[in-house]
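Bear in mind that the values in this text are calculations on the coordinates, not laboratory data. Since this is a predicted model, take the numbers as computed values, not measurements. Cβ sites come from the backbone with ideal geometry, for glycine too, and all protein chains shown count toward neighbours.
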Amino acid sequence: MSYIKYKSDVLLDRRSQKLNFEVDGRSHVVYRVTHKRLGLYYYGSKTDNDYGNSVGITYFTSSSDDWFRNDFQNNRGDWVVKIIKVFDNPADKMIMESYLHTKFSVSSNHNFINRQTQTPYGFDLTGLKFPKIIEVEQTKNLHQKELSRRILMIKGRIIMKFFRLRHNTHGNVGKKRTQEQKEKNKMAYSGENNGMYGKKHSQKSRSKMSRNNVGMIGKSHTTSTKKLMSNSAKTRKACEMFTCPTCGKSGASRNMYRWHGKDGSRCKV
C-alpha cells in the first residue's frame with residue numbers, strides 16, 4: 001500500500017477528526033536509526049525547532065529499550081541517522097510514522113528494535129512482546145559477565161552478532177572438552193538424571209514425531225532443486241574404491257575407511 005492510499009484511509013476513519021493538522025511553526029520529524037553492521041532499524045519521530053538535527057547528538061530516541069539507547073549514545077559511530085521527512089504539523093508526522101511501522105510490521109519484524117506499532121490513534125500493543133535484555137549478576141569472570149549482560153533478545157531470538165563482531169567470540173567453536181568434562185556431562189543426563197527416565201512417549205507424541213520425520217515421502221523436489229542436484233552430481237569428484245584386506249569387501253573409500261579402517265582393523269568379520 002502506498003503512503004497516499006494509507007493516508008486517505010486514515011482520513012476516512014472518524015477517529016481522524018481528533019488529529020491535529022494545525023501548523024504551529026515547529027518541525028515535526030520522522031527519522032530512522034540503522035546499525036551499520038547488525039542490520040537493526042528503529043523508526044521514530046520527534047517535534048523540535050531544528051529539523052531533527054538533535055537526533056543522535058542530544059536526543060537518543062524515546063525507546064524504552066535500555067540497550068538500544070545506551071549503545072546509540074555510547075557507540076554513536078555504529079549507528080546512522082536518516083531524516084525521512086519533516087512536516088509542519090503533528091498529524092502528518094504521526095501518519096507517516098504509523099505508515100512506516102505498518103509497512104514493515106515493526107512489532108514482529110526481527111530486524112526492527114521497535115516494540116510496538118505506532119498508529120495515528122496511539123500504539124498498537126498486540127502481537128509479539130519484546131523480551132528484556134538478559135541480566136547476569138553472577139559470573140566467574142568480568143569478560144563473560146559483560147558479554148552476557150549485553151545479550152540482546154529481539155522478538156524471541158537471541159542476537160549474538162554484536163558480541164561476535166566486537167569480541168570475536170563464537171561460544172564453543174574450536175574448543176575441545178576434556179575426557180573428564182565429557183564423563184561429567186554424560187553422568188548429568190544418564191539414568192535418573194535423564195528427563196525421560198522411567199517415562200514413555202504417548203501415542204500422540206509418537207505420531208507427531210513420526211509426521212515431523214517423514215522426510216521426502218510423498219513429496220517431490222522442484223525443478224530448480226533437481227537441476228542443482230544434477231549439476232552437483234556431474235561436477236562431483238569420483239570417489240576412490242577400497243577393498244578391505246580383512247574381509248575382502250569393496251566399496252567407496254569414505255565409507256569403507258569409516259567402518260573397516262584403512263588397514264582393516266575396524267572390520268568386524
Those chymotrypsin sites (Phe, Trp or Tyr not before Pro) from the stretch 1-70 that are DSSP loop and have at most 15 other Cβ neighbours within 10 Å turn out to be Phe21, Tyr51
Links exceeding 32 Å between C-alpha atoms in this model, out of Lys36/Lys219; Lys18/Lys85; Lys103/Lys219, come to Lys36/Lys219; Lys103/Lys219
Site Arg76, offset 7 angstrom along Cα→Cβ, radius 14 Å on amide nitrogen, limited to the stretch 47-67, gives 53-61
In whole angstrom, the spacing between the Cα centers of the stretch 17-74 and the stretch 230-269 equals 63
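Once a ≥ b ≥ c are taken as the square roots of the eigenvalues of the Cα gyration tensor of the stretch 3-124, is the result rounded (a/c under 1.5), prolate (a/b larger than b/c) or oblate (a/b not larger than b/c)?
Cα axes put the stretch 3-124 in the oblate bin.
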Each label sits 7 Å from Cα toward the beta-carbon; between Arg15 and Leu228 the label points are separated, in nm, by 4.3
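Which of the three applies to the stretch 174-269, rounded, prolate or oblate, going by the alpha-carbon gyration tensor with a ≥ b ≥ c and a/c under 1.5 meaning rounded?
Values: a/c = 2.13, a/b = 1.18, b/c = 1.81.
In terms of gyration-tensor shape, oblate.
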